[in-house]
1. State the percent of C-alpha pairs, over all pairs in the stretch 359-448, separated by a distance greater than 18 angstrom.
2. So which trypsin sites (Lys or Arg not before Pro) in the stretch 263-339 end up in coil per DSSP with only 13 or fewer other C-beta atoms within 10 Å?
3. How large is the charge dipole for the stretch 291-450, taken about the Cα centre, if only the Cβ atoms of Lys, Arg (+1) and Asp, Glu (-1) carry charge, to the nearest 20 debye?
4. Taking Cα centroids, how far is the stretch 37-69 from the stretch 226-240 in Å?
5. Spin-label point model (7 Å from Cα, Cβ direction): what's the Thr244 to Ser282 distance in nm?
6. Under 1.5 on a/c is rounded, so check that first for the chain, then, if it is not, pick prolate when a/b is larger than b/c and oblate when it is not; a ≥ b ≥ c are the square roots of the alpha carbon gyration tensor eigenvalues.
7. If the limit is 24 Å between Cα atoms, which of Lys188/Lys385; Lys196/Lys389; Lys208/Lys269; Lys208/Lys468; Lys423/Lys468 go over it?
8. For q = 0.17, 0.25 Å⁻¹, what log10 I(q)/I(0) does the stretch 216-266 give under the Debye formula with an equal point scatterer on each alpha carbon and no solvent?
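Computed from the coordinates by the stated procedures, all read-outs in this text should not be read as laboratory data. Keep in mind that this is a model prediction, so the values were computed, not measured. Positions of Cβ are generated from backbone atoms using ideal geometry, with glycine treated the same way; all protein chains shown enter the neighbour counts.
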Amino acid sequence: MLTRLLALAAVAPGLVAYGKKAPGRAACTIEELFESSVSPATEIASSTDANFSSVVGPRWSAWEAPAWSGAIKPATEADLQKIVQISVENNIPFIATNGGHGPKQGQGSFTGININLGSFNTVSIDTANNLVTVGAGVKLWDVQTGLYNVGKEIQTGNSICPGAIGVTIGAGIGMMTGMYGLMIDTLKSVRMITAKGQLVKASATENKDLFWAIRGAGVNFGIVTEATYGIHDQTNEGNVTAVTFVYAAASNRTLWKTMQTFDGNQPAKLSFQTVIQFNRASNASQIVVQLWYFGPVSEAQPYIDTFAAAGPVVQSVTYLPQTDLYYQSETAGVCDRGHIISAHSLGFNQTVVSSYEAHFADMTAFYIANPSFAGISVFQYYSNKQTLKTPASETVFPWRDIQVWWLTQNQYSDASLGPQVDKFMIGQRTNLQTTSGFDTPHVYFNYAFGDEGAAAWYSAANLPRLRKLKSIWDPNFVFGNGAPLY
Ligand SMILES: Cc1cc2nc3c(=O)[nH]c(=O)nc-3n(C[C@H](O)[C@H](O)[C@H](O)COP(=O)(O)OP(=O)(O)OC[C@H]3O[C@@H](n4cnc5c(N)ncnc54)[C@H](O)[C@@H]3O)c2cc1C
């Protein structure tokens, strides 16, 4: 016990000093502080315990990994309430996580405990009323497959591994955005635990202000334990046309021009993303385009022909169930954990060919100068006509005018490359901003690096209301690590 106590103090000096569960003691272990207040099924471990790795929430990127001093995996909502209350009373910082896909700049210096939401993993589907309710530990895959199996669907992110609620509370974009809008646009209600440890509901009729704030800035207001969404009947019996093209570097300008033809008139059922990457075998950059169409190949053919005309060196047409398509994120390694990967992002409302061309040339030069850099630069194209049907005032997420979501995933094995990568990518972000079509940066928080600031994530116009709500629901900044509102 003494060893554990000292170890805890060494990792986080004073972390649980004067814990109320151990009166008269200068410090106590995480187990001593929480164990008697939670149900036996709740798992608790300090970072030096043998079972720590099974209690702590898994993390996707090794970039900016917090130095957890301990972890708790609550079994029930009541346990979670107690954990929040005790942590706040004892001044113990915590971050609640699920999929672990949301690293932000500065989190590497966070010291405190992890609350692993993984046990809240139920998905309840009400087909009669077209509703699905998911717990805080549910991953996108659970929702995608659960609904597919009953002939329903919902707009989600494109991968299977992120946490469903974590994606939602930023906005939630993906290949069905064109058809249904953002994940927050189909969110009906949530149950959440506040900084006081209270369990509250938020919806269009209950705690309306809070419901506005958690649809975009959800990481700042509490822990959502359960979320209920509207769902849709399956499109095209759940089948998708998915086409992969690979273009050589020399075709980049032609490809950007092709993509430009979709500005402002992208069909709802058509989504695509282009991925700039470097082929170390041929020592050249290349561009992979993934096109998705929620209909038969015959309907998608005009769009396939459009991209084929840009001269790909590889073209592969498939027709498959949407769950098989989502699962490709697993087989393609997108969900692999443990690499150092940071992200930079920006939204555009137009495709400026010269700007894309310059970015492609800069990326190529950076790849060549840095042989260990294995990052990618992605342009995601989703029609935003449906997204714009929800009034801007409905949610704190403000950027319904984004048509192109630019995202880099900066992967490198040598951590010392980090500052150079960040400098380069921040430069690219500045360059691309000038032709984004927006006067101020429009940044999707869930793709953000973390340095952009609250006005870029939530708009300057929304900040007074957002900050007022923060002062009501979380005046002592218990939540929102990595997402400062000031
Ligand atoms: C491989 C990959 C693919 C992605 N694909 C998409 C995509 O297609 N579309 C898209 O929109 N986004 C996508 N994202 C971004 C994703 O939306 C964010 O990373 C999101 O934060 C992931 O949530 P998480 O639970 O996995 O992460 P975590 O790291 O567990 O959580 C991220 C943040 O959300 C908070 N949080 C998590 N759960 C809750 C909760 N229940 N209540 C309150 N706060 C909570 C955490 O405290 C933390 O601040 C992707 C990210 C990655 C790495």
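1. On the way: 2074 of 4005 pairs.
Distances greater than 18 Å cover 52 percent of the Cα pairs.
2. Working: sites: Lys269, Arg280, Arg337; in loops: Lys269, Arg280, Arg337.
Those satisfying the criteria are Arg280, Arg337.
3. Numbers: 6 positive and 12 negative charges, 49 e Å.
It comes to approximately 240 debye.
4. Answer, in whole Å: 34.
5. Each label point lies 7 Å from its Cα, and together they span 1.5 nm.
6. Details: a/c = 1.86, a/b = 1.50, b/c = 1.23.
Cα axes put the chain in the prolate bin.
7. Values: Lys188/Lys385 21 Å; Lys196/Lys389 36 Å; Lys208/Lys269 32 Å; Lys208/Lys468 14 Å; Lys423/Lys468 34 Å.
Pairs exceeding the cut-off: Lys196/Lys389; Lys208/Lys269; Lys423/Lys468.
8. -0.86, -1.03
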